[in-house]
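To keep things clear, I will list the structure first and then write my remarks on it.
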Amino acid sequence: MEKTDFTGFYELLVKILHGEEENIYWETIKYIPSFFRLLCNLLSDERTEWHTKLIINSALAYFVVPNDIIPEQEYKATGYIDDIFVCAYVLKCIKDEADYSELIIDNWKEDGDILEIIDNVFKSSRKIVGDKYKKILCFVGLMKTELQKDLDSNE
């Protein structure tokens, strides 16, 4: 499969984060461009199964939703904290699947132990988004809403 070129959006994310090193969430949000690139690489990897591509697409789509749960228009770089949470959630799901750690490692083009980074970013972003995590995951389609759960139980 031919690699999809998301370079322009990656560079936009890098530009948005430029100068944000003093942001109180820097240790978490600094991975936004790298996680975006990793998800794009995984999407283009022929070893990635179709159901995994679905959840990757959910995470990538969340980047371009104009009025997400923590909007970038209002909170600037800090508004990407929900985006990085979705990315970390998806990467953690992929990582926890049997034999997918190698796939992630093979597609990581940055320094550092990506498996450890995923766990750390997931924990920190989950803590930052707090109780909004369910709303975020429901919004992107990675968790059922209470209404959907009720409908399922009535079938």
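Since every read-out is calculated from the coordinates, none of them should be taken as a lab result. These figures come from a predicted structure and were not determined experimentally. Every residue, glycine among them, receives a Cβ derived from its backbone with ideal geometry; neighbour counts consider all protein chains shown.
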Note the full-extension length gain between residue 144 and residue 61 as 0.36 nm times their separation in residues minus their Cα-Cα distance, in nm to one decimal. 28.1 nm
Once both labels are modelled 7 Å past Cα along the beta-carbon direction, what's the residue 24-residue 75 spacing in nm? 1.2
In this model, which of 15/134; 109/144; 76/127 are farther than 25 Å apart at the alpha-carbon? 15/134; 109/144
Expressed as a whole number of Å, what is the distance separating the alpha-carbon centroids of region 5-75 and region 108-141? 11
Write down the Å³ per residue value for the convex hull defined by the alpha carbon atoms of region 7-153. 121
Residue span residue 11 to residue 119: 0.36 nm per residue of separation minus Cα-Cα distance leaves a gain in nm of 36.4 nm
Put +1 on the Cβ of each Lys and Arg and -1 on the Cβ of each Asp and Glu in region 7-153; which of 24, 42, 65 then has its Cα farthest toward the positive end of the dipole? 65
